[in-house]
Amino acid sequence: MSTHTMQRSEYEAYDGQTGYAKDDAGDHRPGAAHRTEEPPYAWRAPFSSYFYREVGYTLTGLPVAILGFVTAVALFALGVGTFVTVLGLPILAGLTTAARGFGRLERARVRGLLALDVPGPAPARPRPGFWGAVTARLADAAGWKAVLYQVVMFPWAILSMTLSLVFLCVGWTLALYPAYHWVFARWTDWPGYRLFDFTNGSGRHVYYIESPLQIAGVCLVGLLFVFVTPQLVRGLTNVSRLAARGLLGR
């Protein structure tokens, strides 16, 4: 292939109006990574759609992370294991291609749920022939960065989902306790929620949350969780934003 033809192929790999890669069709937007929406003030955060989109990101992130991690580890192990044969290189090339696909999915999730627009990377530099395509994918730095993203963000996805779900459920369960306190007295033999019970030498001790002061205290603790949770989730998702910007963007 002549130099002129190769230059033309490289040019055709881009959108002429925006300069973004055609194989990252969802990312044809000019400029660097930027926010599409500003986060709400702390007192509004627990009741904002922005916060619940962030929670949606952390809760849906684990299934996506599992699929990406398993794919990356399996293809890498298979590629390295067959590296001495002719099969290893195409498998590793397929790994970077698959990782780019997961990267496009993750950029779409970050854009839709975390309000951060991360333009996609340029395509792999094209080379003629089958082995040219394989070596182009093997030399694709953006593809390997996407592989790294799938590996390092897997444990973070587990932590983010766990903390988000626990804090969200604990906060609203405690904050709304005054609304369902009556259930225990009506449908059980408890005068209120049984917080703990134990037996020692002086007999059995049971602690119920039943007095107005106790109920108010539980509600206040719940409200504290409710207002702290958005800040916690914001911190967790900010790490995901930084990772997407650094490993999945240009």
For the residue pair residue 108 and residue 195, what label-to-label distance in nm results when each label sits 7 Å from Cα along the Cα-to-beta-carbon direction? 4.9 nm
Modelled label reach - residue 74, point 7 Å along Cα→Cβ, the range 128-151 residues with backbone N closer than 17 Å: 147, 150-151
Backbone HN-Hα couplings from phi across the range 119-130 [Karplus 6.51/-1.76/1.60, Hz, Gly and Pro as x]: x, x, x, 5, x, 4, 5, x, 9, x, x, 5
Roughly how many Å² of residue 117 are accessible to a 1.4 Å probe, to the nearest 10? 10 Å²
Lys/Arg Cβ at +1, Asp/Glu Cβ at -1, dipole of the chain taken about the Cα centre: which of 239, 175, 229 is farthest positive-ward? 239
Keeping all protein chains in the complex and leaving out DNA, RNA and ligands, what accessible area do you get for residue 130 with a 1.4 Å probe, in Å² to the nearest 10? 130 Å²
So if each residue of separation counts as 0.36 nm, and I subtract the Cα-Cα distance between residue 250 and residue 206, what length gain in nm does that give? 9.8 nm
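Which value at 222 nm does the chain reach when only helices count, each DSSP H run of 4 or more adding -39,500 (n - 2.57), with the total divided by all residues and rounded to the nearest 500 deg cm²/dmol?
Working: 8 runs with 155 residues, N = 250.
Roughly -21000 deg cm²/dmol at 222 nm, from the helical runs in the chain.
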Charged-residue dipole, Cβ positions (Lys, Arg, Asp, Glu), the chain about Cα centre, Debye nearest 20: 320 debye
Taking a crude spin-label model, label points 7 Å out from Cα along the C-beta direction, the residue 159 to residue 223 distance in nm is 3.2 nm
Spelling out what I want: for every residue of the range 243-248, take phi, set θ = phi - 60°, compute 6.51 cos²θ - 1.76 cosθ + 1.60 (Karplus), and round to whole Hz; glycine and proline get x. 5, 5, 5, x, 10, 10
Simple SL model, points at 7 angstrom along Cα→Cβ for residue 49 and residue 66; separation in nm is 3.0 nm
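Give the accessible surface of the chain per residue, rounded to a whole number of Å², with probe radius 1.4 Å and ligands, DNA and RNA excluded. Walk me through the intermediate numbers first.
Numbers: 13560 Å² over 250 residues.
I get 54 Å² per residue for this part.
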Return the single residue from 239, 86, 73 with maximal mean-square fluctuation; model: Gaussian network over the chain, springs between Cα atoms under 10 Å. 86
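Within the range 35-142, what whole-number % of the accessible surface is contributed by carbon and sulfur, with the 1.4 Å probe and all protein chains included in the calculation?
Numbers: 3760 of 5160 Å².
In the range 35-142, the share of accessible area belonging to carbon and sulfur is 73 percent.
From largest accessible area down, sort 144, 187; use a 1.4 Å probe on the protein chains. Don't skip to the end; give the middle numbers.
Values: 144 80, 187 170 Å².
Accessible-area ranking of 144, 187, largest first: 187, 144.
Against the globular-protein guess of 2.2 N^0.38 Å, express the Cα radius of gyration of the chain as a ratio, rounded to two decimals.
Values: Rg = 25.8 Å, N = 250, 2.2 N^0.38 = 17.9 Å.
Relative to the rule-of-thumb radius for its length, the chain sits at 1.44.
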Work out the charge dipole of the chain with +1 on the Cβ of Lys and Arg and -1 on the Cβ of Asp and Glu about the Cα centre, then indicate which of 99, 164, 211 is farthest towards its positive end. 99
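The values are calculated or read from the model by the stated rules, or taken from the named source; none is laboratory data. Keep in mind the model is a prediction, meaning the values are calculated, not measured. Cβ coordinates were reconstructed from backbone atoms using ideal geometry, including for glycine residues, and neighbour counts include every protein chain displayed. To get the accessible areas, we keep the full protein, side chains included, count just its heavy atoms, and leave off ligands, DNA and RNA. Shrake-Rupley method; radii C 1.70, N 1.55, O 1.52, S 1.80 Å.
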